[in-house]
Amino acid sequence: MFKHISEEITCVMERDPAARSRWEVALLYAGFHSILSHRIAHWLWERKWRFLARLISQFSRFVTGIEIHPGAVIGRKFFIDHGTGIVIGETSKIGDNVTLYQGVTLGGVAPSIDSDAQRGVKRHPTLDDNVIIASGAQIIGPITVGRCARVGANSVVLKDVPESTTVVGIPARAVSSAKKKQADPRFAAYGVGDHSIPDPVFKVMDGLLDKVQSLSMRVEELERETAKGPSALPLEAEKKPRSTPANRSTKGKL
Ligand SMILES: CC(C)(COP(=O)(O)OP(=O)(O)OC[C@H]1O[C@@H](n2cnc3c(N)ncnc32)[C@H](O)[C@@H]1OP(=O)(O)O)[C@@H](O)C(=O)NCCC(=O)NCCS
């Protein structure tokens, strides 16, 4: 059990740039507390101690602001950052290494309509491994968010999300089929960027070096032409006209 608790703390340390120590996570992180409560509540739920399970879940919601139904199945290294306002429905299924931010709902499509027919039926989403759901996103219905997929902040997702795809908006649509992200399923804090973000100073230096190189090539070219004498220099009138949208469009028509 302690191994599992330690693993939950480690996953917070790995995924929250603001986390400074394991003690801080253990004592102050609402997401961590709600997951521990859920592990107990789910254990009781599975053994048909349903009322006690719901009692623990509701107490945890009161303390953390995160509501996880004890029936939800949640994998290892689940990370909830901030957490307030998160609701995870009874038949949700969450894989390993999943991250949720505040305000996320894993909900049913219309729980209030014909509720009896919906009892015990899969009506909440499934999130595969390594999924990141940004703050405020609503994932509705028994859909599947594929492995390594990302859902943008405040999106409303109503259809399956393919593996390694980022979806945003209402209703959510794919903005990138990030095959590159599949190759590197490591966590990116806040779902942003990859792990090789270039140093901005290095980027500027790189640009300057390119410019210096192209200028020195041009100077060498001009020196060679000057050495051949003035006749080798192109006359102003003979100079190749610059390519402009206007003359580009007339190319081939004359
Ligand atoms: C979607 C997200 C996870 C990043 O995914 P990504 O694969 O790196 O996608 P990109 O940043 O390359 O964005 C792709 C496109 O979607 C747009 N986009 C990103 N997030 C969006 C959102 N929530 N709503 C609408 N459009 C969004 C971008 O502007 C970009 O559009 P462009 O291609 O026209 O420039 C990230 O933008 C996000 O929403 N992060 C929020 C994390 C969070 O909850 N933070 C709170 C912590 S307290």
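The values are calculated or read from the model by the stated rules, or taken from the named source; none is laboratory data. Computed from a predicted model, the values in this text were never measured in an experiment. Every residue, glycine as well, gets a Cβ built from its backbone with ideal geometry; the counts of neighbours run over all protein chains shown.
Reported count of residues in region 22-44, each being within 23 Å of ILE133 (Cβ to Cβ) and out of contact with any Phe, Trp or Tyr (no Cβ under 8 Å at 6 or more places or on another chain), is 11.
Screening the candidates VAL175, VAL168, VAL151, VAL161 for the property of being within 12 Å of the ligand (Cβ to nearest atom), in the same structural domain as ALA18 (by TED's automatic domain parsing) and at pLDDT below 95 yields one hit, VAL175.
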